[in-house]
Each structure stands twice: as structure tokens, then as C-alpha cells.
Amino acid sequence: MADRPAPFQLALLNHKGGTGKTTLAINLAAGLAQRAPTLLVDLDAQGSALQWAAQGGGKLPMRVSAALEAEAALVADVHPAFVVWDCPPSSDQPQVLALLAKLDWVLVPVLPSPVDLWASWHLVRLLQQARANRPALRAAFVINQAEPDSALTAAMHEALHEFGLPVLQSVVRRRALYRSAALGGQTVQMLGRRGAAAAAELEAVIEAILK
Ligand SMILES: Nc1ncnc2c1ncn2[C@@H]1O[C@H](COP(=O)(O)OP(=O)(O)OP(=O)(O)O)[C@@H](O)[C@H]1O
Ligand SMILES: [Mg+2]
């Protein structure tokens, strides 16, 4: 069998809970799946991404796999060009540390709240260390649940710059649609015109990562 190029691997990581790792992993994976076959690996024992996929009755445009099945799925019929890892709210687990050795990109979703930011120092140091060992690894914050034109989001951008980790210019807005998509086991891209604005903001995030 001819050698296939290694897949591009992206992880959604933040040891703080509830910042949008699973929501972004699912919806970004769906955006990537519009380009090429994509595998989403649920590394979290909570199994939220697997639950999301089950809720939709297998209609998601990408394969969603549990961690232990991941390697097998990679060599099975998916042959993914993109692998997206939905991480648990922890950065010290051996699985997460092992992952850092092979990723192309780490996105750290943060809520536009100083309390969330203060919790990020440990993770930033971990990522800086990983980047020192492997400069090809890229990492950035992405602000999730941003309010439109909010002074707080602008202030967050400024504050995040002091952390020594880039922050994506594109933000993900707070939209009830992300929650209703989860309820139906769907992604915002599957919601047609209703999901168009959300899909467009995710496209901007994908463009920033792939450029
Ligand atoms: N942009 C958004 N707009 C509105 N609601 C959102 C958005 N992003 C996430 N949420 C909601 O916020 C909650 C937490 O999101 P999610 O489960 O994706 O976070 P998480 O980081 O994966 O959490 P955990 O650390 O528990 O795995 C969920 O109820 C989700 O529907
Ligand atoms: Mg999660």
C-alpha cells in the first residue's frame, strides 16, 4: 500500500471545564469534513462527543471514535486527512501529554471572563514547553461565547496577548444555535440558513488554522 500523508491533527484543549472544547471540536470537525475525510476522537471519559454523535443517529459528516478505537479507525476505511481531538478538562493526563508530541495545532477555547483566563497559566506554560521541544506545534487561544461588539471581548483579546500564546482574531459568538444543534445531534453546518452565520465564523477559525 502506498504511504499516505500523515493527517493534520488538531486538539481542543483546556483544563478548565465548560469552555467549549466539545462544541468546537464537533463543529470544527464538521467544517473540516467539508474539505476532506475527518476523524473526531473523544478523549474525554465523559463521552460528550460520542453522545452528540449518537444523538444524531450517525448523521454527522465525520467519524466519531472513542480514544481506544482511534488508532484502529485511523488505519481502517476513514484514512482521515484531519484528526480532531476533543480533550478532557485536564492537561495532566498521560493521554493528553502523549498527544502533545504529535499534534499540529492546539486550540484553547476560553470564555470571555477573567476567571477563565486566570486558570490558563498552567496550560500556557505546558504548551510553551511543548513548543520549545517541537517548534512545529502551533497553539492559540480562541475566544468562545463572545458577545457581539462587547468591550469585554476586546479587553480579553488584549489580556490574552500578555499570556505569550497567540489569540485568534476570529471569535466564536455566543449563540443558542450551538446548544440546539447539540440537542439534535447536529452541527451548525447542517442547519442550512439558520446556521450560516455560525458556520461562517467557524470557517474563519479553520482558515486561520490551515493557513
Ligand atoms: N458558542 C457557544 N454559544 C452558546 N453556547 C455554547 C457555545 N459554546 C459552548 N456552549 C455551551 O456551553 C456548555 C459547555 O460547552 P462544552 O460542553 O462544549 O464545553 P467543554 O469545554 O467541552 O466542557 P467539558 O470541560 O465539561 O468537556 C454547553 O452547554 C454548550 O452547549
Ligand atoms: Mg467536553
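Given +1 on the Cβ of Lys and Arg, -1 on the Cβ of Asp and Glu, and no further charges, what dipole in debye does the range 1-160 carry about its Cα centre, rounded to the nearest 20? Let's see the in-between values first.
On the way: 11 positive and 13 negative charges, 60 e Å.
Value, rounded to 20: 280 debye.
Which value, in Å², gives the accessible area per residue of the range 8-210 when a 1.4 Å probe is used on the protein heavy atoms? Before the final figure, lay out the partial values.
Values: 9000 Å² over 203 residues.
Per-residue accessible area for the range 8-210 comes out at 44 Å².
Cross-link candidates for LYS59: which lysines have Cα within less than 17 Å, leaving aside residues fewer than 8 places away along the same chain?
none
Using a probe of 1.4 angstrom, how much of the accessible area of the chain is carbon and sulfur, in percent? Could the numbers behind the result be given before it?
Values: 5620 of 9970 Å².
For the chain, the apolar C and S fraction of the accessible surface comes to 56 percent.
Students sometimes get this wrong: rank HIS122, HIS157, HIS15 by accessible area, probe 1.4 Å, all chains present, largest first.
Numbers: HIS122 80, HIS157 25, HIS15 50 Å².
Per-residue accessible area, sorted high to low, gives HIS122, HIS15, HIS157.
Extension gain GLN34-ALA196, at 0.36 nm per residue separation less the Cα-Cα distance, in nm? Don't jump to the answer; show the numbers that get you there.
Values: separation 162, 0.36 × 162 = 58.32 nm, distance 1.43 nm.
The span from GLN34 to ALA196 would gain 56.9 nm if fully extended.
Put +1 on the Cβ of every Lys and Arg and -1 on every Asp and Glu Cβ in the range 8-210; which of HIS157, LEU111, GLY57 then has its Cα farthest towards the positive end of the dipole?
Positive-end residue among those listed: GLY57.
Given Cα pairs under 8 Å that are at least 6 residues apart, what percent is the relative contact order of the chain? Walk me through the numbers on the way to the answer.
Values: 369 pairs, mean separation 53.6, N = 211.
This gives 25 percent for the chain.
Cut-off under 22 Å on the C-alpha distance; same-chain residues fewer than 8 positions from LYS211 excluded. Which lysines are left, in chain and number order?
LYS21, LYS102
Given a Förster distance of 25 angstrom, what is the FRET efficiency for GLN93 paired with ARG125, based on the Cβ-Cβ distance and rounded to 0.05? Working shown, then result.
On the way: r = 16 Å, r/R0 = 0.66.
It comes to 0.90.
The values are calculated or read from the model by the stated rules, or taken from the named source; none is laboratory data. Please read these numbers as outputs of a predicted model, since none were measured by experiment. Every residue, glycine among them, receives a Cβ derived from its backbone with ideal geometry; neighbour counts consider all protein chains shown. These area figures cover heavy atoms from the full protein model, side chains too; ligands, DNA and RNA do not enter into them. Shrake-Rupley method; radii C 1.70, N 1.55, O 1.52, S 1.80 Å.
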